[in-house]
Amino acid sequence: MTTLPTYTQTGQTVTFNFATNLQLTVLTASIIHLFSDRGEPGTSYAVEGDKQQPTAFTVTNQGDHYDLTTAALTVHLDATGHVDVDDAAGHPLITDYRGKRQLLDKGVDKVHQRLVEAEGHSINGATVQGDQGYQVIKALAADEHLYGLGDKPGYLDKRGYEYDNWNSDNPDAHLETFTKLYKSIPVLLGLKNGHPYGLFFDNPYRSHFDLGKESPHYYFYSVVAGNLDYYILGGASLKAVVTNYTYLTGRTPLPQKWTLGYQQSRWGYSASQKEVQAIADDLEQNDLPCDAIHFDVDYMRGYRVFTWDTDKYPAGPGEFIAQLKQRGIRVIPIIDPGVKQDPDYAVYATGLKNDYFVKSPNGQVYINQVWPGNAAFPDFGRPAVRDWWAHNVKFLTDLGVAGVWNDMNEPASFQGPIPNDVVFSDQDRPATHKKMHNVYGHNMAQATYAGLKAQQHRRPFVITRAAYAGTQKYATVWTGDNQSIWPHVQLLIPQLCTLGLSGFSFVGTDIGGFGADTTPELLTRWIEAGLFSPLFRNHAAMGTRHQEPWVFGEPTLSIYRKYLKLRYRFVPYLYDLFAQETQTGLPIMRPLVLNDDQDPRNREINDEYMVGDTVLVAPVVQQGQTKRLVYLPRGEWVDFWNNREYAGQQDIVVDAPLDKLPLFVRKNTLLPWGPAVSHIGDQPDTAMTFRLFGDHGTYDHYQDNGTDFKYQTGEWNGYRVAVSHNQVTVTLTHHGYAAVYQTIHVALADRVVTLTYQASTQTYGPQAL
Ligand code: MIG
């Protein structure tokens, strides 16, 4: 029998003396870091700052293994280095698989395999490990569900599929056959026999997950290089696991309130002032609320980033942006990483002079092609390059833009992929594209965030396509180039919910579909299905059929308008959820399983989602369907449209004609009900309405100026609204923001009760019923 290794303990780190040392660091009772140094220098891009909290734990020798025990987890480590994790009650969560992998038999012999692979097809998706890689194999229970991994397309439960982490821009229709997309977020959430846990593999190199596809007995993670570096996450519920994961990798900061409004986009609008003007006019004339128009690559001078083609903007871009702003419309321009190779172009010349671009191994600036033709790629891993980029953002903020949309930052390239050995920096150390690829978009987003923050003193609005774990601290994400096909309106539910489980709360898809031609019915169902996606943007590719809300006439226009107006009613609720999210990491759009992981029915629902804890959305995602089955989770439910009440834990059939999004509210819920506005201004609201669903309810509402960081020094108000059988009360639970609501309306089933603010006592008199 192998004997147990000795160990040393320094603070909360225990180092076990194997041939290659294995370190366990207790960060909190529910977060344990497992690390084995395989010679890779550098620090994490996902985890910033010291996350260790003073935590009690014990290490005990159990004869054939050690137990490292905290209040929430026990890690068993045996003499051969196997790691098994139980929760505090002794339920196994994570168990090393002791057997050998059994490669999937795909019915191909060696000769054919070589032929097929020579044509570029992959037979066995498993990462080729090379001599620097390793794999981690964990046992699967018969009853085990696996969630997470960011934007991977497919279903909520990822068990039975395989995935790769290598940020990729692939224009084909994203379906469950895809193993990779734009983002690499190597976090798994599991429910093993109903017991929740998480595993976060913090290694940016190309990695692969096989989640019980190769075998029903195990799942594995493999990676081409880097240290063994992962986090064991516990928690009494999936919610607690998400809270722990976002404690570790960070949370989406509170956004500006207007960013929750509707946004209109199409690749091509920004080719001229006239075209954008026409869109703004149409929005207004058609009574469609809207907060932003996005400017795709066409506004630039020959696709040169941080330039504006002033010939196409007779008013001048600054003046035009100001005019739109006056009409309530903000401008979000796109910025790609590729800098046009043009010695007469200042951004390129400066980057070249200061050595800010990535280089071929021979020392020459590496050039590939993107929109501007030949282009150089900023070395975003370096702090100095991020600072430079942040400073470049000033060109746009000086013109008055409201945010920046980062695209192509996988990084994508038109002239073949960037070779692995191109020299990219890892902070100030030379590294390779192989290592830095998956964090390129992350670092670009961070630079953009820093630039906006420094110049605007507002909460930065950055949208990014590529991301790594932790990018949620800097950017909103969208799911890239979907298509106008029914499978993509279906996909938005599990995909956005999965991003939420993976730490990304501010997410959205291109409503109507980016590629291909939409249909009136598809567009209508999309605005319904995506109604609560925090990023709420209609976007389409140049060359596709137009899909602005008015182009199909009636009834599309009226239905679309009805849902835009409904969205604005829900904005204060969404904003409250964001305020909570900054404390809990819990996403806005949630799969049912996140709110209740103990109801087995919730564990595989792909066509319903929840907004916070109280709103249930069951969109129609099939062409031609006008009725659908809805599973109502535990509790009691009120049909939003007709107040009919239902008991939970049953399936009901609901009518869903084209103009109806099936929507339910948990019985006895109060919700804030925003004003009917066409734009979300920076002016404070003087009144707020709350709507009661059911007979009684309590609600905590958050208010601040919706724009800057003053809330962090206490400039916010908290309100507790309560409706009981005999009275309505509103309590100002925190008063730090001067613009307190003067009036509060509470809409009950049969009447509206109004309370007025008494400045002298800072109270709202209770109202007897
Ligand atoms: O190669 O800028 O995903 O939203 O409209 C395409 C043009 C580049 C891809 C983005 C899309 C954007 C488009 N871009």
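Separation of the range 391-406 and the range 3-35, taken as the distance between their Cα centroids, equals 46 angstrom. Per-residue Karplus couplings for the range 214-229, computed as 6.51 cos²θ - 1.76 cosθ + 1.60 with θ equal to phi - 60°, are listed in order as 5, 8, x, 9, 8, 10, 9, 10, 9, 8, 7, 6, x, 7, 6, 8 Hz, Gly and Pro entered as x. Summing Lys and Arg as +1 and Asp and Glu as -1 over all other residues whose Cβ lies under 11 Å from the Cβ of Gln622 gives a net charge of +1.
Distance distribution note for the range 458-575: the fraction of Cα pairs above 21 angstrom is 38%.
With bins 20 Å wide beginning at 0, the percent of Cα pairs of the chain falling in each bin runs 16, 49, 31, 4, 0. Contact order, relative form, for the range 1-69: 23 percent (alpha carbon pairs under 8 Å, 6 or more residues apart, mean separation divided by residue count).
In terms of other Cβ atoms within 10 Å, Leu156, Leu34 run from fewest to most in the order Leu34, Leu156.
Residue-normalised convex hull volume from the C-alpha trace of the range 590-660: 85 Å³ per residue. Average 1/r across all pairs of distinct alpha carbons in the range 343-426, invert it, and you get the Kirkwood radius: 13.9 Å.
Summing charges over neighbours of Tyr348, with a neighbour being any other residue whose Cβ is under 9 Å away from its Cβ, gives 0 when K and R count +1 and D and E count -1. The length gained by stretching the chain between Val653 and Asn21 to full extension, at 0.36 nm per residue less their Cα-Cα distance, is 221.7 nm. In the range 590-660, Cα pairs under 8 Å separated by at least six residues give a relative contact order of 24 percent.
Other residues whose C-beta falls under 13 angstrom from the C-beta of Phe178 contribute a net charge of -3, scoring Lys and Arg +1 and Asp and Glu -1.
Residues in the range 715-746 near a label at Thr763, defined as backbone nitrogen under 14 Å from the 7 Å Cα→Cβ point? Correct set: 728-733. In this structure, Thr2 and Asn420 have a Cβ-Cβ separation that, at R0 = 35 Å, corresponds to a calculated FRET efficiency of about 0.40. In a simple Cβ point-charge model (Lys, Arg +1; Asp, Glu -1; nothing else charged), the chain has a dipole of about 720 debye relative to its Cα centre.
Excluding same-chain neighbours fewer than eight residues apart, the lysines reachable from Lys274 by a Cα-Cα span under 23 Å are Lys312, Lys325. Residue exposure proxy: Met444, Met589, ordered by other Cβ atoms within 10 angstrom of their Cβ from fewest to most, comes out as Met589, Met444. Per-residue ellipticity at 222 nm computed for the chain from its helices equals -6000 deg cm²/dmol, with DSSP H segments shorter than 4 residues left out and the rest contributing -39,500 (n - 2.57).
If you take the beta carbon distance between Ala454 and His546 as r and set R0 to 35 Å, what does 1/(1 + (r/R0)^6) give as a FRET efficiency, to the nearest 0.05? The value I calculate is 0.40. Couplings 3J(HN,Hα) of the range 505-511, computed from phi: 8, 9, 9, x, 10, 6, 5 Hz, in residue order, whole Hz [Karplus 6.51 cos²θ - 1.76 cosθ + 1.60, θ = phi - 60°; x for Gly and Pro].
Ellipsoid fit via the Cα gyration tensor, the range 683-766: semi-axes of 24, 13, 11 Å, each the root of five times an eigenvalue, largest first.
Restricting the range 537-641 to chymotrypsin sites (Phe, Trp or Tyr not before Pro) that sit in a DSSP loop and have at most 14 other Cβ atoms within 10 Å of their own Cβ leaves Trp641.
Inter-label distance, Ala236 to Ala278: 6.0 nm, where each label sits 7 Å from its Cα along the C-beta direction. The slack between Gln583 and Gln132, meaning 0.36 nm per residue of separation minus the straight C-alpha distance, is 158.5 nm. Simple rule: put +1 on each Lys or Arg Cβ and -1 on each Asp or Glu Cβ in the chain, find the dipole, and look at Gln285, Gly338, Thr544; the Cα lying farthest toward the positive end is Gln285.
Using a cut-off of 19 Å between Cα atoms, the listed pairs Lys453/Lys473; Lys453/Lys565; Lys100/Lys138 include Lys453/Lys565 as exceeding that distance. Annotation: the residues Arg251, Arg545, Arg465, sorted from fewest to most other C-beta atoms within 10 Å of their own C-beta, follow the order Arg545, Arg251, Arg465.
Each Cα pair under 8 Å and six or more residues apart adds its separation to the average, and for the chain the resulting relative contact order is 10 percent.
Here's the list of lysines a cross-link from Lys353 could span, going by alpha-carbon distance under 23 Å and ignoring same-chain residues fewer than 8 apart: Lys340, Lys394.
Read the figures in this text as sums done on the coordinates, not as results from a lab. The shown structure was predicted, so the numbers you read here are calculated from the model rather than taken from an experiment. Don't worry about glycine lacking a Cβ; one is built from the backbone with ideal geometry, like all the others, and counts go over all protein chains shown.
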